[in-house]
Structures are given as structure tokens and as C-alpha cells.
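As C-alpha cells, the structure follows; a few thoughts come after it.
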Amino acid sequence: MLLWFVATSLVAMRWCFGDPAIDHRLIVAGALLPDVLHAATGGAPLAHSLALPVCGLVAVMLLTIGRRRARRRWLALPIGVFWHQVFDGAWTQPALFWWPFAGDAAEATLPLATRGIWLICIMELAGLLGCWWVWRSAGMAHKPQVRADFWRTGRLAYGAGPQYRREGG
């Protein structure tokens, strides 16, 4: 699944944090990272355990001591990984989610593997609708400057402030 994690992480960021200054590109990268790691490592339990975002968070905090702007930017990556864990349902399998602290994750199955193909299709369709909503509500549909700012900075201007308003509208 791809669009499901992109949309749910972006929508969750908007509703939970409402911070337009966060780099949403890193939120999306973090939301996709566990599945990329899972594929690259052949299914290592770290990819879907709570250990991954926690270690990422600790690493960002340690590597950015004294560099507040870098810290603010890079915290988005482990936050995106947290969103993946939430919207993947990794928490429904305690041995996997709490690995390496709660048993043998070898017995756990990937959360995606427990879903039928129709549910996956419905979730991807919901993700497509969520991406469309983000695209429209952030003003990217009709405002090239908003799109350019997103690709350059990762910022989403929900409600598109006065700098993006068209003349007469």
C-alpha cells in the first residue's frame, strides 16, 4: 500500500499538529519507510516495531544537539514512521510491535498480510481520496506557487494564506 500511508499521515499531521511549517515530505518518507525496510531486509521485525520510530527519534535528538532548525526539520521523519505504525495496525500484533521486548516476532505476520485484497483496494481508494483532499485543501489544485513551495520546502499551506490568493478571489 502506498496512497493509504501518504494520505493518512498527511491528514493526521494536519488534524493533530496543525503545523504548516513542518516538512511534510519527510512525514511521507517516514510513513513509507517501514515497508521499504521490510522489503529491503526480507521482513526484519524492526521495520514494524515501535523500536524503529523510537530509535529514529533518539537519533534525531542526538544528532541535532545545538541545531534547532535541523532538529525541527528531521523530527518529521520518525513522526511519519509513528504514523505508519498507527495506520498499518502494527499495534494489533504485540510480539511484532513490541519487538525485541515482547517475545519472538518470527511468529507474527505482517499487518498487511492479514488483510484481504478487497480491503487493501478499499484502503488504497481511501488513500487516493485523502490525497485529493490534501491537494485541494492545501491549495495545490489551482495555485502553482503553493505546489512550488511544497516541493521546495515541504510546507503545506492549509487555507492558503494571502500570499497565495488570486486577484478578485
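The values are calculated or read from the model by the stated rules, or taken from the named source; none is laboratory data. All of these numbers come straight from a predicted model, not from anything done at the bench. As a convention, Cβ positions derive from the backbone with ideal geometry for all residues, glycine included, and neighbour counts pool all protein chains shown. The protein model used for the area step is the full one, side chains on, heavy atoms only, and it has no ligands, DNA or RNA in it. Shrake-Rupley method; radii C 1.70, N 1.55, O 1.52, S 1.80 Å.
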Next on the checklist: Would you confirm whether or not region 29-45 contains a residue that is modelled with pLDDT of 95 or more and open to solvent by less than 30 Å² (accessible area, probe 1.4 Å)?
Outcome noted: yes
Taking region 19-60 and keeping residues in contact (Cβ under 8 Å) with a residue 40 or more places away in the chain and either among the small types (Gly, Ala, Ser) or in contact with a strand residue (DSSP E or B) (Cβ under 8 Å, 6 or more places away or on another chain) (or both) leaves Ala21, Ala29, Gly30, Ala31, Gly43, Ser49, Ala51
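Conditions tested, residue by residue: (1) over 23 Å from Leu3 (Cβ atoms); (2) in a helix (DSSP H, G or I); (3) in contact with a Lys or Arg (Cβ under 9 Å, 6 or more places away or on another chain); (4) at pLDDT below 90.
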residue: Ile120; (1), (2), (3), (4): no, yes, no, yes
residue: Met123; (1), (2), (3), (4): no, yes, yes, no
residue: Leu128; (1), (2), (3), (4): no, yes, no, no
residue: Trp133; (1), (2), (3), (4): no, yes, no, no
residue: Met140; (1), (2), (3), (4): no, no, yes, yes
residue: Arg147; (1), (2), (3), (4): no, yes, no, yes
residue: Ala157; (1), (2), (3), (4): no, no, yes, yes
residue: Gln163; (1), (2), (3), (4): yes, yes, no, yes
residue: Glu167; (1), (2), (3), (4): yes, no, no, yes
Item to check | Test result for His48, closer than 19 Å to Leu96 by Cα and either open to solvent by less than 40 Å² (accessible area, probe 1.4 Å) or within 16 Å of the chain's Cα centre (by Cα) (or both) | outcome: yes
